[in-house]
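The values are calculated or read from the model by the stated rules, or taken from the named source; none is laboratory data. Small disclaimer: the values here were computed from a predicted structure and weren't measured. Ideal geometry is used to build each Cβ from the backbone, glycine not excepted, and the neighbour counts take in all protein chains shown.
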Number of protein chains: 2
Amino acid sequence: MEVQKETEKGSALSRRAARRDRELELRRLDAIAAASSVFAAKGFDGAQMAEIAAAAEISLASLYALFSGKEELYQEVVLAAGASVRRAVQEAVAAREDPRERLLAVIDSLFSCFEDDGNLLWIHARGPRSLPWKIRQSIGAQSVADFQQWNAWVADRVRDVQRDGGMAGLEADVVAAAILGAVSNTAGQWIESPDGRSLSELAAPVRALFRRVISNEETQ
Amino acid sequence: MEVQKETEKGSALSRRAARRDRELELRRLDAIAAASSVFAAKGFDGAQMAEIAAAAEISLASLYALFSGKEELYQEVVLAAGASVRRAVQEAVAAREDPRERLLAVIDSLFSCFEDDGNLLWIHARGPRSLPWKIRQSIGAQSVADFQQWNAWVADRVRDVQRDGGMAGLEADVVAAAILGAVSNTAGQWIESPDGRSLSELAAPVRALFRRVISNEETQ
């Protein structure tokens, strides 16, 4: 009886603890989402913790309880943005069968992501290499590693096409870097001077270029 | 006689003034070269004016007489790096006749530039979009404008190929963004994890990719 009471009490406590964990996690996600908008609008230097707390509708003290400071929050934003883009692209790729269509879906889905969430584009356009130097030393390492893994994942999609007889003689890593570089640069140019097209409309000309690389055999 | 004396005195003064201008210009170039190394090694935040002055072998006071501060010096370094890369590429392109070879020379010469001067790669890899936010507002504008003009110049080389019957149906600006993005991304990956090849050896696989885009006709 005593034991059961203890157990009930324990389970009530753990339910409360679990609820508290969930609340903390939600608050954390709100803070990251708010920080993402503020960093996208003002950059790392211009963003202020108080403004992020206000946007997340939490107190400044709560924000500092969740993150040691702006550096840690920025890291979380960059990592979350990268993870979110990769997840969306991987889902789009998984929905297709043909290896060539799977590779081209990388291009379309990247532009769709950027169109759906403007913050992702800003954060992506700055990229891991553009992290403020002093924070790059420690926190940049993770996002550089993520990016390398990401490039490797795209390169594997190139190899799928090669196993199917396409793009013989090309280096998969270089094709992947070219696809990601073409998307970043095209989207980055669009940020600086939007040309009247929507971001997802920019996918077509980039796709057309790589479709040509994919469809044709080596001629020299 | 009096007049002639005056003239001689004036011309001696102007020679001295001209000499002083030349000296100032040389000092300015030394400072930019020194700053380029320090920024490449330590980034914007980590670089210190005193260290740059020491590397340029001028006094800190002289450095501040030439540049209002680190922001202005950084801008000069970014602009000089961009100008130096563009000049080298344009010379390499001018040395060729065939429009396809001229376009492919953009790729080779970019990698050669980076190999010849490692600072250029670091500064290029960070690019205009990665300028610290608060300085980007004012000084970033020029380097963004330079980059757009640069992309437009490469797009004109694509149009030369199109006038010659190649790459029909592709958007010249997108092909240019893809070429520059592919080079940046490949070189950027190499900075993070050099794979044993030299930078100029990386030109071949990037060139192979775009040679395929150039040589083939649309298939769909």
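Remarks
- Of all residues making up the stretch B:168-211, the number that are more than 8 Å from chain A (Cβ to nearest Cβ) and at positive phi: 1
- Members of the stretch B:155-203 found to be among the charged types (D, E, K, R) and farther than 21 Å from B:Leu120 by Cβ, listed by number: B:Asp156, B:Arg159, B:Asp160, B:Arg163, B:Asp164, B:Glu171, B:Asp173
- Test set (1) under 24 Å from A:Val183 (Cα atoms); (2) not in a helix (DSSP H, G or I) - A:Ser68 fails condition number: (1)
- Hits in the stretch B:194-220 - residues which are in contact with a helix residue (DSSP H, G or I) (Cβ under 6 Å, 6 or more places away or on another chain), assigned to a helix (DSSP H, G or I) and over 16 Å from A:Arg211 (Cβ atoms): B:Ser200, B:Leu202, B:Ala203, B:Pro205, B:Val206, B:Arg207
- Residues that are at pLDDT 90 or above and of a type in the set (Ser, Thr, Tyr) within the stretch B:1-51 comprise B:Ser36, B:Ser37, listed in sequence order.
Yes/no per residue for (1) of a type in the set (A, V, I, L, M); (2) closer than 26 Å to B:Phe147 by Cβ; (3) touching an Asp or Glu at 6+ places or on another chain (Cβ under 8 Å):
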| site | (1), (2), (3) |
| --- | --- |
| A:Gln148 | no, yes, yes |
| A:Asp160 | no, no, no |
| A:Ala176 | yes, yes, no |
| A:Leu180 | yes, yes, no |
| A:Glu201 | no, yes, no |
| A:Val206 | yes, yes, no |
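- Cβ-Cβ contacts under 7 Å between residues 6 or more apart (or on different chains), taken from a first residue in the stretch A:165-181 that is assigned by TED's automatic domain parsing to the domain that holds A:Glu101 to a second residue that is not in a helix (DSSP H, G or I), are listed as A:Ala168/A:Glu217; A:Ala168/A:Glu218; A:Gly169/A:Glu218; A:Val175/A:Met167.
- Every pair of residues 6+ apart whose Cβ atoms lie under 6 Å, when the first sits in the stretch B:38-55 and is within 12 Å of chain A (Cβ to nearest Cβ) while the second is part of a helix (DSSP H, G or I) and of a type in the set (S, T, N, Q): B:Ala40/B:Asn119
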